[in-house]
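The values are calculated or read from the model by the stated rules, or taken from the named source; none is laboratory data. Quick caveat, the model's predicted, so the values are computed rather than measured. Every residue, glycine as well, gets a Cβ built from its backbone with ideal geometry; the counts of neighbours run over all protein chains shown.
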Amino acid sequence: MIAIRHFFGKTGDGVWSVDEDGVIQFWNQAAVDLLGYTPEEATDQHCWELLAGLSPQGAPYCAPQCPVRQAIKHDRPVGSVDIQLRHRNGNYILANMSTIPLASDLDDVDESILVHLLRSREKNRRGYQPFRIYLLGPLVVIGQNGKPIKGSLWNRVKTRALMAYLTMQKGTAVPREQILEMLWPDLDYKAAMHNLNTTVYNLRRSLEPDLDKVSQSRHLLYQNGCYRLADADAYWLDVEAFETGIREAKQEADVETAVKKYKAALSLYRGDYLYDLTDMHVWVRDQQFRLQEIYLTALSELAELYEQLNRPDKAIGVYQQILSIDCCQEESCRKLMTLFMELDKRAEAIQVCQRLTQCLANELDILMSDKTRTLYEQIKSA
């Protein structure tokens, strides 16, 4: 134990050792960082019970006589393996593990004492770049090679829908039955399962076209009846960047800087959330409405900043952009009418109100508010 602590106590790899019964004897700080368990929680526990290791495809791996011990027993080389291990929070992480049978001296190896070294597979890969996933507008995924995912399999709606749905879960494992209900609610179980298996194949092949076997996928994992995206917390996601950017812009005291932050965040909004999937999947719509509301509110706030900076031309452009998305926004109409009047453009102001009247009638079957009507009458009589 002293030798293990001396050699592996401060290494950047997660390290733990187990005795001949598979009981954890040593657990370093890097293992704490990777898996969440403190040394007090990990030591004296059977490794297969604590970590419940699975293959990347979800098959049981850790056991009293695991593949590592079997290889050593039969005098076979012990190579590194990719393995899913259960984090303290209940989720699984995908990592690469290598094993050293502990040598008590230079000529003797005690095959019953094993030292495991663990490293996060994705985050320690040379040249690793996380996927960049764009959900605002049509779904776009930029692969680790910096190129967008393409191809006939990716172009299938259900392939993209599965990717979008798993992305929305942010790495949380999703029961197979839940996916069936989301993507094939009208099919019987057998038909839906067939479609799911086909779609999983298509998505794995799209994300990793060079795989020899799609079951060896390192990105779309299956475990205990659930699917999840590996290392989803490392993916760059436009929705998160968009919402973070808007929050930062709201909190910015300097008007000029706030304008720049709003413009940067708003540029991420390429269109309504997953609009290419809306017609087929109702689970998209709630998120779509929420994000569109954030977008329209941020545009309105940007227009108000332009007004503070005495940039009516810029403010007018933003208000017109709002009305091109939602022509029934009365407050934006009133502000646009007021700006046109300040620029001595009475005809344009009247046209704004006339379009609003038509839009409210066609879209909502209502009349304009008294506040808008009063402003309209003032403009007409000016």
Item to check | Residues (over 13 Å from ASP82 (Cβ atoms) and surrounded by 15 or more Cβ atoms within 10 Å (Cβ to Cβ)) located in segment 212-222 | outcome: VAL214, LEU220, TYR222
Checklist entry - Where in segment 174-269 are the helices (runs of 4 or more DSSP H), entirely inside, with at least 3 residues that are in contact (Cβ under 8 Å) with a residue 24 or more places away in the chain and over 23 Å from LYS150 (Cβ atoms)? => result 176-183, 238-251, 255-266
Checklist entry - Which condition number in (1) part of a helix (DSSP H, G or I); (2) more than 21 Å from LEU360 (Cβ to Cβ); (3) polar (S, T, N, Q) is the one that ASN310 fails? => result (1)
Checklist entry - What is the number of the single condition among (1) on the phi > 0 side of the Ramachandran plot; (2) in contact with a Phe, Trp or Tyr (Cβ under 6 Å, 6 or more places away or on another chain) that ASN224 does not meet? => result (2)
Next on the checklist: Only one of MET337, MET368 is in a loop (DSSP other than H, G, I, E, B) and not assigned by TED's automatic domain parsing to the domain that holds PHE242. Can you tell me which?
Outcome noted: MET368
Checklist outcome for this item: The strands (runs of 3 or more DSSP E) lying wholly within segment 13-98 that contain at least 1 residues that are of a type in the set (Gly, Ala, Ser) are 14-18
Item to check | Output for segment 126-185, where each listed residue is over 19 Å from ASP276 (Cβ atoms) and among the hydroxyl-bearing types (Ser, Thr, Tyr) | outcome: TYR128, THR172
Checklist entry - Is it fair to say GLU208 is farther than 30 Å from ASN310 by Cβ and touching a Leu at 6+ places or on another chain (Cβ under 9 Å)? => result yes
Next on the checklist: Test of understanding: among LYS345, LYS314, which residue is in contact with a helix residue (DSSP H, G or I) (Cβ under 9 Å, 6 or more places away or on another chain) and either over 21 Å from GLU377 (Cα atoms) or touching a residue at least 24 places away in the same chain (Cβ under 8 Å) (or both)?
Outcome noted: LYS314
Checklist entry - Quick check: is even one residue across segment 27-38 more than 19 Å from ALA95 (Cα to Cα) and either in the same structural domain as LEU85 (by TED's automatic domain parsing) or among the charged types (D, E, K, R) (or both)? => result no
Checklist outcome for this item: Inside segment 27-41, the number of residues satisfying the requirement of being farther than 29 Å from GLN216 by Cβ and buried (at least 21 other Cβ atoms within 10 Å of the Cβ) is 2
Checklist entry - Does ILE322 qualify as being crowded, with 16+ Cβ neighbours inside 10 Å, touching a Ser or Thr at 6+ places or on another chain (Cβ under 9 Å) and part of a helix (DSSP H, G or I)? => result yes
Checklist entry - Before we move on, is ALA253 of a type in the set (A, V, I, L, M, F, W, C) and not assigned by TED's automatic domain parsing to the domain that holds PRO148? => result no
Item to check | Only listed residue being assigned by TED's automatic domain parsing to the domain that holds GLY90 and modelled with pLDDT of 90 or more, chosen from GLU20, GLU41 | outcome: GLU41
